[in-house]
1. Mind listing just one residue for me: the one in region 231-254 that is within 16 Å of V184 (Cβ to Cβ) and of a type in the set (A, V, I, L, M, F, W, C) and, of those, most open to solvent (accessible area, probe 1.4 Å)?
2. Could you check region 145-186 and list, in sequence order, the residues that are assigned to a strand (DSSP E or B), closer than 21 Å to N285 by Cβ and either touching an Asp or Glu at 6+ places or on another chain (Cβ under 6 Å) or open to solvent by less than 10 Å² (accessible area, probe 1.4 Å) (or both)?
3. Within region 35-49, can one find any residue that is more than 30 Å from L238 (Cα to Cα), touching a Gly at 6+ places or on another chain (Cβ under 6 Å) and in a strand (DSSP E or B)?
4. Suppose the filter is under 23 Å from T8 (Cα atoms), under 13 Å from the mean Cα position of the chain (by Cα), at pLDDT 95 or above and among the aliphatic types (A, V, I, L, M); does M155 pass it?
5. Residues G92, G97: which one is out of contact with any Phe, Trp or Tyr (no Cβ under 6 Å at 6 or more places or on another chain) and either part of a helix (DSSP H, G or I) or open to solvent by 40 Å² or more (accessible area, probe 1.4 Å) (or both)?
6. Can you say whether R137 is part of a helix (DSSP H, G or I) and among the charged types (D, E, K, R), as far as the supplied structure shows?
7. Pick out the one residue from T68, T35, T62, T29 that is farther than 25 Å from A176 by Cα and of a type in the set (V, I, T).
8. Inside region 246-265, can you point out the residues that are more than 30 Å from R147 (Cβ to Cβ) and in contact (Cβ under 8 Å) with a residue 24 or more places away in the chain?
Amino acid sequence: MESSNKPTEISSAKMFGGFNRRYKHYSPTLGCSLTFYIYFPPSSSPSHKFPVLYWLSGLTCTDENFITKSGAQRVASAEGVALIAPDTSPRGLNVEGESDSWDFGVGAGFYLNATQEKWKNWQMYDYIVKELPALLRENFPQLDTARASIFGHSMGGHGALTIYLKNLDKYKSVSAFSPIVNPVNCPWGQKAFTNYLGENKAAWEEYDATCLISKFNNVSATILIDQGDEDKFLKEQLQPHKFEEACRKANVPLLLRMQPGYDHSYYFIATFVDDHIRHHAQALNL
């Protein structure tokens with residue numbers, strides 16, 4: 001990797017004995033500069049390597065939301081897990097219409113590789129699965145990128161589930177908060193997939209966790225999903241029971257927890273994030 005792609009630290013703040021550090025780098029995959037956060041837990045030895053837990057954020061979010069709002073660092077510090085929070089789409093490319101709606105374009109990369117010419121830079125799947133882990137491996141010797149897990153919220157829950165299922169060799173475990181589990185059958189997914197992937201529905205199914213589960217069902221660690229039952233997007237957009245049914249048919253271990261009274265917000269995420277980090281810490285053999 002050329003040195004110009006080397007990440008530059010742009011901020012640092014101590015938290016629970018470790019550090020939230022934000023970096024900027026040029027992404028050849030996306031053709032623009034991108035920021036990401038790493039939370040480094042406290043370390044007693046310079047040679048110690050931390051496993052990594054990738055967080056994929058939802059619609060309209062950046063790399064900052066999770067780091068500033070979730071409170072995940074407390075348990076990440078205690079468990080010795082590094083948190084990696086990337087951005088949700090390319091930015092600053094000035095593609096016509098990229099900022100016209102909150103659920104498509106900037107802030108809404110859907111963690112796929114777009115095939116339509118206009119959106120050709122929207123290659124978030126390759127960025128998350130290939131470019132970012134290589135960048136971390138080459139620049140941060142304190143991270144053990146071979147021991148990795150992944151989780152996310154809403155659009156990021158969709159990303160975490162689909163990326164995990166298609167790369168069972170790369171991640172030890174997956175979990176999600178209020179994920180979009182069946183995007184081919186909900187308005188958010190249909191809008192994004194039509195624009196990014198065109199009209200070919202078979203291409204859509206490659207990025208749909210409910211469709212993928214029957215194909216990639218060699219799942220060892222239980223999939224953990226938390227969903228608030230007062231989430232205003234539950235019935236139309238999220239439909240977790242479709243994924244639950246698909247997991248049952250494919251004999252895939254799933255723990256779907258419907259949480260009474262909770263909505264779609266970071267208040268909900270902050271309430272249950274400790275469980276998720278412990279879930280991943282166990283799979284990462286900590």
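The values are calculated or read from the model by the stated rules, or taken from the named source; none is laboratory data. Note that the coordinates shown come from a computational prediction; the quantities given were computed from them, not determined experimentally. Every residue, glycine among them, receives a Cβ derived from its backbone with ideal geometry; neighbour counts consider all protein chains shown. Note: accessible area is taken over every heavy atom of the protein model, side chains too, but ligands, DNA and RNA are not part of it. Shrake-Rupley method; radii C 1.70, N 1.55, O 1.52, S 1.80 Å.
1. Only one residue fits best here, namely A246.
2. Our first condition is that a residue be assigned to a strand (DSSP E or B); within region 145-186, this holds for 145-153, 174-177.
This time we only want the ones that are closer than 21 Å to N285 by Cβ, so: 145-151, 174-175.
A148, S149, I150, F151, V174, S175 - these are the residues of region 145-186 that are assigned to a strand (DSSP E or B), closer than 21 Å to N285 by Cβ and either touching an Asp or Glu at 6+ places or on another chain (Cβ under 6 Å) or open to solvent by less than 10 Å² (accessible area, probe 1.4 Å) (or both).
3. Narrowing region 35-49 to residues more than 30 Å from L238 (Cα to Cα): 40-49.
Then keep just the ones that are touching a Gly at 6+ places or on another chain (Cβ under 6 Å); that gives 40-42.
Restricting the remaining residues to those that are in a strand (DSSP E or B) gives 40.
Yes - at least one qualifying residue is present in region 35-49.
4. On the way: under 23 Å from T8 (Cα atoms): no; under 13 Å from the mean Cα position of the chain (by Cα): yes; at pLDDT 95 or above: yes; among the aliphatic types (A, V, I, L, M): yes.
Here the answer is no, as M155 does not meet what is asked.
5. On the way: G97 fails: either part of a helix (DSSP H, G or I) or open to solvent by 40 Å² or more (accessible area, probe 1.4 Å) (or both).
One residue alone meets the criteria, G92.
6. yes
7. On the way: T68 fails: farther than 25 Å from A176 by Cα; T35 fails: farther than 25 Å from A176 by Cα; T62 fails: farther than 25 Å from A176 by Cα.
Answer to the selection: T29.
8. Of everything in region 246-265, those that are more than 30 Å from R147 (Cβ to Cβ) and in contact (Cβ under 8 Å) with a residue 24 or more places away in the chain turn out to be K249, M258, P260, G261, Y262, D263, H264.
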